Each structure stands twice: as structure tokens, then as C-alpha cells.
């Protein structure tokens with residue numbers, strides 16, 4: 001078994017390995033090459049800092065894909081995808097890949113490694129813990145048909161990506177969004193999203209970022225002083241008019257008020273995850 005970085009990996013080979021690895025997953029994922037490429041690009045992929053295991057026929061059988069927080073001087077990597085094809089499981093390939101990757105990541109200046117894993121995937125959790133990861137956060141994913149009936153006469157506008165960039169969106173949050181919901185990830189693929197602003201009367205008091213095709217809500221929030229006044233309901237009512245069903249992934253479980261709001265508006269939890277970190281000393 002040979003382990004090396006994926007700087008020169010063929011996209012089709014990577015896609016075939018990815019789909020084989022996730023075909024029997026608890027939430028099966030099958031992607032086209034362009035879908036996989038788009039997801040990795042949005043996350044800030046570094047193929048130089050992503051690694052794979054190859055069998056005696058030089059076929060990719062396992063991988064750890066890393067995104068970085070900065071293209072030139074990264075200090076954090078996020079594991080945007082780990083997979084092992086079924087016939088090669090049980091060989092501790094993930095810990096072996098991490099062991100191989102460790103000096104390369106350290107040499108690059110990486111201080112923190114992050115990943116997300118479904119809480120019921122106990123084998124993967126044990127593999128990550130053996131590689132030095134610890135549980136940092138618990139995350140909830142929700143989906144459903146929005147039931148919100150807005151009683152608020154509020155101005156909802158479709159904003160531009162440029163307007164979103166000028167928004168100080170951290171003012172609207174209770175907790176930082178997960179990696180793939182972060183502002184840099186949205187801005188890398190800004191044309192894929194619809195930006196909703198709710199105004200009172202002309203100032204933005206709430207917003208949401210929704211993938212135009214899939215209905216995945218990447219970010220939303222209402223200014224703390226404007227909460228409980230119907231602006232969030234108006235925002236979700238507008239989203240519900242555009243999408244039959246929506247998803248929102250990886251809400252920090254400490255954010256109980258946001259989770260209560262989402263469930264009140266028709267969304268139900270369908271999976272929980274751990275965010276795990278490994279700090280490099």
C-alpha cells in the first residue's frame with residue numbers, strides 16, 4: 001500500500017473512489033465529477049495537503065481530503081471528506097494516512113486539524129481518536145417543509161452577492177457557522193446562492209443565504225435586538241415560497257434558540273454530528 005498526496009489525482013478516479021466509499025454510508029452520497037469538484041472548491045481544497053492510499057495496481061482505495069483556511073499560509077485544515085472503499089476497510093488506512101500526512105502538515109505550518117463525523121459512525125470516531133482527534137462540538141442537521149406563516153409586514157428583498165459581502169454578518173449570529181457554511185466558502189461560489197434580506201424599514205435586520213438549486217440554507221440570522229418581532233418568520237416564509245423543502249446542516253447544539261426556531265418552523269433533525277479537532281504542538 002502506497003500513501004501519497006493527491007496533487008496529481010485524476011478527478012474521475014477520485015470521484016469513483018468517493019462514490020464507492022460512500023455507497024453504503026448511513027446517508028449515501030453519490031456525486032458527479034463536477035459536483036465533487038464544486039464542493040471541494042467551495043471548501044477551499046488543497047490537493048497538495050490531501051492524501052490517498054493506493055493499492056498494488058496504483059488504484060486509489062482511500063483518501064483524506066483537506067481544505068485550508070488560507071491558500072498561501074494556512075494554519076488550519078478541514079477534512080472535507082474521508083473514505084475507504086469497502087474491500088479495503090479494516091486495514092487502519094485512515095490512521096495510516098494521517099500518520100503519513102502529519103509531518104507534511106506540520107512543515108506547511110498547520111496548527112489545527114478539523115473534521116465532522118456522524119455520531120453513530122463509531123468506527124470512524126475511534127479511528128479519528130486514535131489519530132489524536134477529540135470531540136469539540138455537537139452539531140445537528142435539519143430538513144423539512146417550512147411551515148412559517150408570516151404575520152409581519154416586512155420588506156424582503158433579493159440581495160446581490162456584493163451586498164452580502166458588505167454585511168457584517170457576525171452581528172446576526174449566536175455561534176460561528178460550521179466550516180462549509182462559513183462566509184469564505186459561500187463567497188467562493190457566490191453565484192450559486194440566493195441572498196434574502198429583511199429590512200426594517202430600510203436597514204437590514206435579518207438575512208439568509210440559500211443554495212438556489214438544493215434549498216440548503218447556509219446562513220441565516222436576525223439582529224439580537226430585532227428578535228421576537230416576526231422578522232425571522234417573514235424571512236423563512238419567503239424562503240418557503242421558493243423551495244418546497246429545505247435543509248440546514250451543522251447547527252451548533254449549544255444554539256438552543258436557533259434550533260427551537262427551526263423546529264417551530266417545520267424542520268426536523270435527521271442526523272447529528274461531532275466536530276472534532278486535533279491541535280498540533
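The values are calculated or read from the model by the stated rules, or taken from the named source; none is laboratory data. No experiment lies behind these values; they were computed from the predicted model shown. All Cβ positions, glycine included, derive from the backbone under ideal geometry; neighbour counts span all protein chains shown.
For the reader, a short list of remarks on this structure follows.
- Residues in region 190-210 that are surrounded by fewer than 19 Cβ atoms within 10 Å (Cβ to Cβ) and either touching a strand residue (DSSP E or B) at 6+ places or on another chain (Cβ under 9 Å) or not assigned by the TED database to the domain that holds residue 247 (or both): 192, 194, 199, 200, 201, 202.
- Output for region 52-81, where each listed residue is within 17 Å of residue 20 (Cα to Cα) and surrounded by 21 or more Cβ atoms within 10 Å (Cβ to Cβ): 52, 53, 60, 61, 62, 63, 64, 65, 80, 81
- Failed criterion for residue 271 (all others in (1) touching a helix residue (DSSP H, G or I) at 6+ places or on another chain (Cβ under 8 Å); (2) under 30 Å from residue 129 (Cβ atoms) hold): (1)
- Scanning region 181-198 for residues that are assigned to a helix (DSSP H, G or I) and in contact with a helix residue (DSSP H, G or I) (Cβ under 6 Å, 6 or more places away or on another chain) yields 185, 188, 190.
- Residues that are under 15 Å from residue 278 (Cα atoms) and either surrounded by 20 or more Cβ atoms within 10 Å (Cβ to Cβ) or at pLDDT 95 or above (or both), drawn from region 82-96: 94
- Matching residues, region 86-104, being in a loop (DSSP other than H, G, I, E, B) and more than 15 Å from residue 132 (Cα to Cα): 89, 90, 91
- Selection over region 1-18 of residues that are part of a loop (DSSP other than H, G, I, E, B) and at pLDDT 95 or above gives a count of 5.
- Test: residue in region 37-51 that is farther than 29 Å from residue 279 by Cβ, surrounded by 15 or more Cβ atoms within 10 Å (Cβ to Cβ) and in contact (Cβ under 8 Å) with a residue 12 or more places away in the chain: yes
- Looking across region 211-233, the residues that are in contact with a strand residue (DSSP E or B) (Cβ under 7 Å, 6 or more places away or on another chain) and either closer than 18 Å to residue 263 by Cβ or in a strand (DSSP E or B) (or both) come down to 211, 215, 216, 217, 218, 219, 220, 221, 222, 232.
- In region 262-278, the residues that are surrounded by 14 or more Cβ atoms within 10 Å (Cβ to Cβ) and farther than 18 Å from residue 222 by Cβ: 269, 271, 272, 273, 274, 275, 276, 277, 278
- For region 151-176, a tally of residues being assigned to a loop (DSSP other than H, G, I, E, B) and out of contact with any strand residue (DSSP E or B) (no Cβ under 9 Å at 6 or more places or on another chain) returns 3.
- Yes/no for residue 133 being in contact (Cβ under 8 Å) with a residue 40 or more places away in the chain and closer than 29 Å to residue 97 by Cα: yes
- Taken over region 240-249, the criterion of being surrounded by fewer than 21 Cβ atoms within 10 Å (Cβ to Cβ) and either on the phi > 0 side of the Ramachandran plot or under 21 Å from the mean Cα position of the chain (by Cα) (or both) is satisfied by 243, 245, 247, 249.
- Failed item in (1) surrounded by fewer than 16 Cβ atoms within 10 Å (Cβ to Cβ); (2) assigned by the TED database to the domain that holds residue 20; (3) at pLDDT 95 or above, with residue 166 passing the rest: (2)
- Matching entry among 175, 196, 207, 274 (being touching a residue at least 40 places away in the same chain (Cβ under 8 Å) and within 30 Å of residue 99 (Cβ to Cβ)): 274
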